[in-house]
Every structure is written in C-alpha cells, then in structure tokens.
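Engineer: If you scroll down you'll find the structure; I have some questions about it.
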Amino acid sequence: MSKENQSREIRSEVTSDGQLKLSIESVEMPTPKDHEVLLKVEASPINPSDLGLLISFAADLSSISSEGSGDNKVTTMNILPALHKTMTARFDKSMKVGNEGGGVVVDAGEAGKGLIGKTVGVAGGAMYSEYRCVPVDSCLVMNDGTTPKEAASSFVNPLTALGFTETMKMENHTAIIHTAAASNLGQMLVKICMADDIPLVNIVRKEEHVNHLKDLGAEYVCNMSEDSFMADLIAAIDATGATLGFDATGGGNEGKLAGQILSAMEISANKKASEYSRYGSDTYKQVYIYGGLDPTPTVLNRSYGLQWGLGGWLLTPFIGKAGSEIFLKMRERVANEITTTFSSFYTAEISLEEMLDPEILKNYAKQATGQKYLVTPHK
C-alpha cells in the first residue's frame, strides 16, 4: 500500500491482560459512497469527551511508557486493577478516536459533488485521522474564508452552549448558572448570553479566570476559591433570578458544588417567599451535570426544600428532544459566527505522533481550563 493510497489514524485498545495501548495505524484510503464525502482532516480538538475513549477513565497515567518512533510509536499504560472488569466490552478491540474536526472535502459521491473544495466541520467520530469518509448530511458547510482550524470545534462546544440556552427556554427558566466558566465553552456561553440578553452567572476557581471573563463582558463571576463564594453566588442569583445550572465538574468543591448551587437558589427564593413552608420554597430549581472534570463524588446536603432536580445533560439526546427546526437554526448560527461567538483557542497544535508522547499526553489529559490541544493529522 503506497503512501498516496493510505490514511493514518490514532487507535486506542484495552487489552484483556490489563493494558491500554495507543498507536498509529495506516489504513487504505477510504472511498466515498454516493451519500458521502471524503474529508481531508486538517484539525481536530481534544475534548474531555474524547479522553473517555482515548485513555478511558480507568487508565493509570503514572504507568505510561512509549516505544518506537514515527508511525511505529506505541504508548502503553496500565488499567487500574479495580476498574479492569468495567472495560470488558473494550477488550482487544482497536478503536478509532476523535469526535469532531474540520477539513476540506477532496472527493465525494453523487450527493456531495457540490461540496468538493468546501471547508466543513464534522462530528463524525474517528476524526484523529488524515482522511475520513462522512455522510453529506453530517457536514456543517462553512462560509467562504473560514479555515479548517476555525471549523475544527464547530459542534461539541458551540452546540452544547446553544443547547443550554435552548434548554432554558424549553423548561421555562429565565437565567443560567454555569461552572468551569472560563473554558472555551464557557466563553462561548458568555458571548451568546450577552447577545441574546440572557442573565448568566459564571462560576470559576481562579482570580485570573474572573478577570478574563470580566474582560469578555461577563457581569456576574463567582470564584469558588474565595471565602465569600456562597455570599457572592446568592447575590448573583438575587440579581438574575437564575434557577437553572449546568455543571461541568460533576464534583467541584470536594463534591459539594452542585448542592451549593441548589442551596444558593433556595436561599434566594426564600427571600421572596410570603410565608414559611417546612417543605421549602415553591420555586423549582434544576442543576444538570454535563461533564466530569472533577472525579470526586457528588455530595448533596439537602438544604433546598423539595422543589429541585439534579440530572445529566448530553448534547445528542437534547438535539432529539429539541427537534430538527431548532437544530438547523443552531447549526446555521454556528457557521455564521464561527470566527466570533464560537471561536476557540488552543494551547498547542500537535501531530498524531505527538499525541502519543507521554509528557504531552499527561498535559492534555489534565483537562485544565485554558489548556486545550488541537490535533493536526498532516503536521
């Protein structure tokens, strides 16, 4: 198989003897079917959701090692013994990785001929690849002048941020609370809420994050590392009337963050109550966990009455619930605002080989706010 007829891609495999193996595989160049296009993938971000497949929640990063170089490089690490059995469904399967990316259409079946030469964003899976065949319908066609790098993060973060505001409308809330708010997604949400006149309370954990969001125009930013955090959060909820929260941590503040948000909502609601109720306020309060940046357990000290909910939020089921009309409007807005509202910033651009470098891998595995990596398969 000549190099002109092959495509390199990242693979992740959990072996039955308890190891996670990352490698670069060369496969035959894919050929698009009638309903597909062939995409030259030029940029693909490493999102937290990608790490769940790439290195899994069960990998022991302290055991990481690497052998070989170039396309022959293989990086391995141990699976934590206590979690080995939870990975049974993955045993000895070489899995493709990468949720989304941006690139240029270089070939197409009959239905996609008009897209040849166009820059598109795609959430098609297996995007840590040099070339990828995807359905025409899954392509978000960018406006002329948009680069593949700009299109790389056009699905997961932008549509999630828009999904938050649409959820707010669908569930009859009027303001939002968001944690890990200095992330790329959080910055997008700040811009959306400013443009759409939606009150937004941002929760961060560092003073530099406060300053950055204030510079973007955020009005309410609460630092959970400060002693005044709860008082600041209650004051922000008093001002905005927020009764809906989206939590990226799943833990946060030793697992207490989701409960602190619900408690602050309840305290604020009780300030407006005309009489005392042993069951708490009649204001319904909802927090959705949509990420797991903090692995600690979620701790609920139930100090917020009985009108509350804590649940999980995931983009794909939301899209199904919202319907095609809302989804199409969301996609159109992303394409039109990909270089402004939905622009992303990256710490570094790395090649497929550099993805397997132990030190680089440890860095992007930290999922630190403001530390986002972009994979460039042709680098």
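The values are calculated or read from the model by the stated rules, or taken from the named source; none is laboratory data. A quick note: this is a predicted structure, and the numbers were derived from the prediction, not measured. We place every Cβ from the backbone using ideal geometry, glycine too, and count neighbours over all the protein chains shown.
Engineer: Can you tell me which residues in region 338-363 are free of Cβ contacts under 8 Å to residues at least 60 places away in the same chain and either closer than 28 Å to Leu244 by Cα or assigned to a loop (DSSP other than H, G, I, E, B) (or both)?
Structural biologist: Once the filter is applied, which keeps residues that are free of Cβ contacts under 8 Å to residues at least 60 places away in the same chain and either closer than 28 Å to Leu244 by Cα or assigned to a loop (DSSP other than H, G, I, E, B) (or both), region 338-363 yields Thr347, Ser351.
Engineer: Let me ask another. With Ile116, Ile176, Ile192 as the choices, which residue is closer than 18 Å to Tyr288 by Cα and either at pLDDT 95 or above or acidic (Asp, Glu) (or both)?
Structural biologist: Details: Ile116 fails: closer than 18 Å to Tyr288 by Cα; Ile192 fails: closer than 18 Å to Tyr288 by Cα.
On inspection, the qualifying residue turns out to be Ile176.
Engineer: Looking at this structure, is Ser263 in a loop (DSSP other than H, G, I, E, B) and modelled with pLDDT of 90 or more?
Structural biologist: Values: in a loop (DSSP other than H, G, I, E, B): no; modelled with pLDDT of 90 or more: yes.
Considered against the rule, which asks whether it is in a loop (DSSP other than H, G, I, E, B) and modelled with pLDDT of 90 or more, Ser263 comes out as no.
Engineer: Which residues, counting only those in region 1-25, are modelled with pLDDT of 95 or more and within 20 Å of Cys133 (Cα to Cα)?
Structural biologist: Answer for region 1-25, where residues must be modelled with pLDDT of 95 or more and within 20 Å of Cys133 (Cα to Cα): Ser7, Arg8, Glu9, Ile10, Arg11, Ser12, Ile24, Glu25.
Engineer: So for region 286-294 (the condition being part of a strand (DSSP E or B), touching a strand residue (DSSP E or B) at 6+ places or on another chain (Cβ under 8 Å) and either among the polar types (S, T, N, Q) or more than 21 Å from Asn172 (Cβ to Cβ) (or both)), does at least one residue qualify? Don't jump to the end; show me each part of the working.
Structural biologist: Pass one, region 286-294, residues part of a strand (DSSP E or B): 286-289.
After this cut, where a residue has to be touching a strand residue (DSSP E or B) at 6+ places or on another chain (Cβ under 8 Å) as well, the list is 286-289.
Checking which are either among the polar types (S, T, N, Q) or more than 21 Å from Asn172 (Cβ to Cβ) (or both) leaves us with 286.
Yes, region 286-294 contains a residue that is part of a strand (DSSP E or B), touching a strand residue (DSSP E or B) at 6+ places or on another chain (Cβ under 8 Å) and either among the polar types (S, T, N, Q) or more than 21 Å from Asn172 (Cβ to Cβ) (or both).
Engineer: List every residue pair whose Cβ atoms sit under 9 Å apart, with the two residues 6 or more apart in sequence or on different chains, where the first one lies in region 290-304 and is within 13 Å of Ala248 (Cα to Cα) and in contact (Cβ under 8 Å) with a residue 12 or more places away in the chain and the second, anywhere, is of a type in the set (A, V, I, L, M, F, W, C) and surrounded by fewer than 16 Cβ atoms within 10 Å (Cβ to Cβ).
Structural biologist: What qualifies is Tyr290/Leu314; Gly292/Phe57; Pro295/Phe57.
Engineer: So, one more: Looking at region 111-122, can you tell me whether even one residue there is more than 25 Å from Ser26 (Cα to Cα), under 24 Å from the mean Cα position of the chain (by Cα) and surrounded by fewer than 16 Cβ atoms within 10 Å (Cβ to Cβ)?
Structural biologist: The answer is no, given that none of the residues of region 111-122 is more than 25 Å from Ser26 (Cα to Cα), under 24 Å from the mean Cα position of the chain (by Cα) and surrounded by fewer than 16 Cβ atoms within 10 Å (Cβ to Cβ).
Engineer: I need the helices (runs of 4 or more DSSP H) fully contained in region 153-256, keeping only those with at least 2 residues that are within 16 Å of the chain's Cα centre (by Cα), of a type in the set (A, V, I, L, M) and outside the structural domain of Val141 (by TED's automatic domain parsing). Don't jump to the end; show me each part of the working.
Structural biologist: On the way: elements: 156-170, 184-196, 207-216, 229-240.
Output list reads 156-170, 184-196.
Engineer: Of all residues in region 1-19 being aliphatic (A, V, I, L, M) and in contact with a Leu (Cβ under 9 Å, 6 or more places away or on another chain), which is nearest to Gly109 (Cα to Cα)?
Structural biologist: Within region 1-19, the subset aliphatic (A, V, I, L, M) is 1, 10, 14.
Subsequent filtering for residues that are in contact with a Leu (Cβ under 9 Å, 6 or more places away or on another chain) retains 10, 14.
On the way: Ile10: 25, Val14: 35 Å.
Checking each candidate, the answer is Ile10.
Engineer: Can you tell me which residue in region 127-152 is farthest from Ile192 (Cα to Cα), limited to those that are of a type in the set (A, V, I, L, M) and assigned to a helix (DSSP H, G or I)? Lay out the reasoning, then the answer.
Structural biologist: Of all residues in region 127-152, those of a type in the set (A, V, I, L, M) come to 127, 134, 136, 140-142, 151-152.
Next cut, assigned to a helix (DSSP H, G or I) only: 136, 151.
On the way: Val136: 28, Ala151: 18 Å.
Filtering first and then ranking leaves Val136.
Engineer: What is the residue count in region 201-251 for residues that are buried (at least 21 other Cβ atoms within 10 Å of the Cβ) and among the polar types (S, T, N, Q)?
Structural biologist: 3
Engineer: Which condition number in (1) in contact (Cβ under 8 Å) with a residue 40 or more places away in the chain; (2) under 21 Å from Ser303 (Cα atoms); (3) not in a helix (DSSP H, G or I) is the one that Ser274 fails?
Structural biologist: Single failed check for Ser274: (1).
Engineer: Right, next: Condition first: under 19 Å from Gly121 (Cα atoms), hydroxyl-bearing (Ser, Thr, Tyr) and not in a strand (DSSP E or B). Now tell me which residues in region 364-379 satisfy that.
Structural biologist: Thr376
Engineer: Would you say Ser154 is hydroxyl-bearing (Ser, Thr, Tyr) and surrounded by fewer than 23 Cβ atoms within 10 Å (Cβ to Cβ)?
Structural biologist: The answer is no for Ser154.
Okay, residues lined up against (1) under 20 Å from the mean Cα position of the chain (by Cα); (2) small (Gly, Ala, Ser); (3) surrounded by 19 or more Cβ atoms within 10 Å (Cβ to Cβ):
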{"residue": "Lys272", "(1), (2), (3)": "no, no, no"}
{"residue": "Arg302", "(1), (2), (3)": "no, no, no"}
{"residue": "Leu310", "(1), (2), (3)": "yes, no, no"}
{"residue": "Phe318", "(1), (2), (3)": "yes, no, yes"}
{"residue": "Thr340", "(1), (2), (3)": "yes, no, no"}
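Engineer: Another question, if that's okay. Would you please name the residue that is farthest from Thr243 (Cα to Cα), looking only at residues in region 173-200 that are surrounded by fewer than 23 Cβ atoms within 10 Å (Cβ to Cβ) and in contact (Cβ under 8 Å) with a residue 40 or more places away in the chain? Steps first, please.
Structural biologist: Step one: list which residues in region 173-200 are surrounded by fewer than 23 Cβ atoms within 10 Å (Cβ to Cβ), which gives 173-175, 184, 191-192, 194-199.
Checking the rest, the ones that are also in contact (Cβ under 8 Å) with a residue 40 or more places away in the chain come to 173-175, 184, 191-192, 195, 199.
Details: His173: 6, Thr174: 8, Ala175: 7, Asn184: 23, Lys191: 20, Ile192: 18, Ala195: 20, Pro199: 11 Å.
If we take residues in region 173-200 being surrounded by fewer than 23 Cβ atoms within 10 Å (Cβ to Cβ) and in contact (Cβ under 8 Å) with a residue 40 or more places away in the chain, then Asn184 is farthest from Thr243 (Cα to Cα).
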